[in-house]
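Worksheet: the structure to be examined is printed underneath.
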Amino acid sequence: LSISLSRAGMAEQLISTAVHHTLPDSYVRSEADRPRLDEVVPDADIPVVDLANPDRAAVVAQIGAACSSHGFFQVLNHGLPLEVMLAAMAVAHDFFRLSPEEKAKLYSDDPAKKMRLSTSFNVRKETVHNWRDYLRLHCHPLEQFVPEWPANPPPFRDVMSTYCKEVRQLGFRLYAMISESLGLEQDYIKKVLGEQEQHMAVNFYPKCPSPELTYGLPAHTDPNALTILMMDEQVAGLQVLKEGRWIAVNPRPNALVINLGDQFQALSNGRYKSVWHRAVVNSDRPRMSIASFLCPCNSVKLGPAEKLIGEKSPAVYRNYTYDEYYKKFWSRNLDQEHCLELFRT
């Protein structure tokens, strides 16, 4: 009996297991820290890059321009089969429709766990919660982690494995073009980051009774190298900070959103931006997103590429390992100063 009771308690931590008519106090942000949704720029243009363009030099130049101006861009004709994307979204929705009892089996608030269903961001240490539940999965090497993934819904493991493999290949294609855009060898980034880890967050943002008082996720930068995001095409929610204003990223059909993580800002010696972004929620409909993260090998030495350091451009950041960086990132609050500030020379 005690096991089923504690399971029920765990299910109650999740916001996707009930319908909420009022926002619980633990989600309400202070006056100064609210999303001010009426001030968001509604449809500003985020750069869009068509990867099917046969003029590779033009694509590389577009990517370089987007990395220095926004740190964010959308890609079209990216090579991920549409049916693989649709299947991943569908199985993600099916997962969050599982019974509270089924979901409670996977619940954990331990950030060190490789596979967990959790809520908010870091429940153990935050004072205000975020309006999201998420399933966190490690994805490389797949054969090591897939056996721990949810067995329900039955197609989940197969569908998500296929999606993970495709995303990884796209990430490496983008590495080559980002390398070139910085004037580095095509394989520079892939080599310097070592044997890459890969993980994923399947984010579910339920309908929210008071979206103006809370966040799905507050402003943050990503600690990893590259984030590839598949957004819900029906429901917007992602916003990026540009010149002091929040800009809504409107989903484009069949596009993926590419977001530079902190490691690219360091590697480019500050030329490219790891940009503040956030997720807001709405009262009309739930929203789903699938974020895939490519991460450097923990032990590899990171920092500005030597070729980008010179008399006119001294190193902005010191060298460090990803392990050191990641521990720093998780030991602070999500919305504190940019974690890279702690690694300046």
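Taking the average, over residues, of other Cβ atoms within 10 Å as the packing measure, peptides 59-67, 44-52, 16-24 rank 59-67, 44-52, 16-24 from highest down. Plainly put, the stretch 217-287 has a radius of gyration that is 0.99 times its Kirkwood radius, both from alpha-carbon atoms, as the Rg/Rh ratio. Report, in order of residue number, the helices in the chain meeting two criteria: a C-alpha extent of 18 Å or more along the helix axis, and a mean Kyte-Doolittle hydropathy of at least -1.0; treat each whole DSSP H run as one helix. Qualifying helices: 56-69, 82-96, 156-181. Roughly how many Å is it from the Cα centre of the stretch 78-151 to that of the stretch 226-261, as a whole number? Here the two parts' Cα centres lie 20 Å apart. When the C-alpha to C-alpha distance is required to be over 31 Å, the pairs from K103/K301; K113/K301; K105/K207; K207/K328 that qualify are K103/K301; K207/K328. Shown for the stretch 267-317 is the translational diffusion coefficient from the Stokes-Einstein equation, using the Kirkwood radius over Cα pairs, a temperature of 20 °C and a viscosity of 1.002 mPa s: 145 µm²/s. For Y107, the accessible surface of its heavy atoms amounts to roughly 30 Å² (probe 1.4 Å, protein chains only, rounded to the nearest 10).
When the chain is treated as a GNM with alpha-carbon contacts under 10 Å, the residue of E83, E31, E311 showing the greatest mean-square fluctuation is E311.
Size check on the stretch 32-343: the Cα extents along the three principal axes, sorted descending, read 60, 46, 39 Å. Only DSSP H runs of four or more residues enter the estimate; each adds -39500 (n - 2.57), and after division by the residues of the chain the mean residue ellipticity at 222 nm equals -8500 deg cm²/dmol. Within straight-line reach of K242, meaning a Cα separation under 18 Å, sit the following lysines at least 8 residues removed in sequence or on another chain: K273.
Derived from the Cα gyration tensor, the three semi-axes of the equivalent ellipsoid of the stretch 10-107 are 37, 24, 10 Å, largest first. Checking Cβ-Cβ separations below 4.7 Å across the chain identifies C67, C208, C295, C297, C339 as cysteines lacking any candidate disulfide partner.
The values are calculated or read from the model by the stated rules, or taken from the named source; none is laboratory data. Since we're looking at a predicted model, the values are computed, not measured. All Cβ positions, even for glycine, are placed from backbone atoms using ideal geometry, and neighbour counts span all protein chains on display. Heads up: the accessible areas ignore ligands, DNA and RNA and are worked out on the full protein's heavy atoms, side chains in. Shrake-Rupley method; radii C 1.70, N 1.55, O 1.52, S 1.80 Å.
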